[in-house]
Every structure is written in structure tokens, then in C-alpha cells.
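Notes follow once the structure below has been shown.
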Amino acid sequence: MNTILWSLALSLLVAAPSTPASFGGWATISIEKVPDKVVTGQPLDLVFVVKQHGVTPLSGLKPTLEVKGAGTVARVDAAPGKEKGQYKATVVLAQAGSYFITIHSGFGESRLTLPAISAVAAITGSR
């Protein structure tokens with residue numbers, strides 16, 4: 001009976017180092033304001049917060065935004081914001097159309113894809 005218990009304990013000990021890798025490693029991303037539409041050629045500031053397990057704000061990350069739409073794919077780096085875990089990125093959409101923006105948190109594979117954002121052409125000239 002002791003041999004069975006020792007074998008079980010040893011196999012649990014051997015398996016233990018690989019177990020933590022399968023837990024955790026996720027973060028939530030909350031964005032302050034998502035516009036319904038933006039004007040082409042004008043800066044769109046996106047401010048968001050990354051929290052480990054939805055609780056602890058994470059500073060020191062290198063988040064990026066992936067912008068897809070109007071036949072283009074672009075990457076934009078985010079900079080640290082004013083508060084812990086806060087980041088800000090500025091995007092300028094060049095053409096009218098529908099865009100999808102995915103925020104990659106920089107913490108594992110955690111990311112957030114925003115609903116489609118419409119870019120409308122800027123009105124030029126005078127009446």
C-alpha cells in the first residue's frame with residue numbers, strides 16, 4: 001500500500017510544474033469610449049485599461065492595435081497612459097469605410113476586437 005501512495009505522490013510531483021502554465025495568463029481590456037463613426041484623416045484617440053484577471057491593472061506592457069479595413073491592415077503601438085494599467089493609441093483612418101480594431105494587450109494572448117467603426121470622408125470646401 002505504501003508503494004502505491006509513493007507512486008501517486010511522485011507522479012503528482014512530476015506533473016506539478018506543468019500545471020501552473022495551463023492556468024492564468026489572461027487579462028481583460030476595457031476601453032473608455034468607442035465612437036460609432038470617425039472622420040477620415042482626423043486622429044482617433046483610444047484609451048484603454050489592461051487588468052490581469054480583470055482585477056489588477058498591468059503597467060509595463062507593450063500593447064498594439066491592429067486596424068483592418070478599406071483594404072488595409074496596419075499596426076499602431078500604444079503608449080502608457082496617466083494611470084496604472086492605462087494605455088493610449090492614436091489611429092488615423094485614411095479612407096471611408098468600415099474598420100475593425102483589435103487591441104492586443106501585450107499580456108499573453110489577451111486581445112479585444114471592437115465592433116465595426118465607420119469612417120466617413122471629411123467635408124472639404126465651402127458652400
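Derivation of every value follows stated rules applied to the coordinates shown; laboratory data play no part. Note that the structure is predicted; figures quoted are calculated from it, not measured. Virtual Cβ from ideal backbone geometry, glycine too; neighbours counted across all protein chains shown.
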### Query
Remind me, what semi-axes does the range 24-120 give for its equivalent ellipsoid, largest first in whole Å, using sqrt of 5 times each Cα gyration tensor eigenvalue?
24, 13, 11
### Query
Do you know the relative contact order of the range 24-120, to the nearest whole percent, from alpha carbon pairs under 8 angstrom that are 6+ apart?
34 percent
### Task
Report the extension gain between K84 and K37 in nm, rounded to one decimal, defined as 0.36 nm multiplied by the number of residues separating them, less their alpha carbon distance.
14.1 nm
### Footprinting exposure proxy for L61, L93 (fewest neighbouring C-beta atoms within 10 Å first)
L61, L93
### Query
How much length is gained on full extension from F100 to S59, taking 0.36 nm per residue of separation minus their Cα-Cα distance?
12.2 nm
### Query
Fewest first, what order do L114, L58 take by the number of other Cβ atoms within 10 Å?
L114, L58
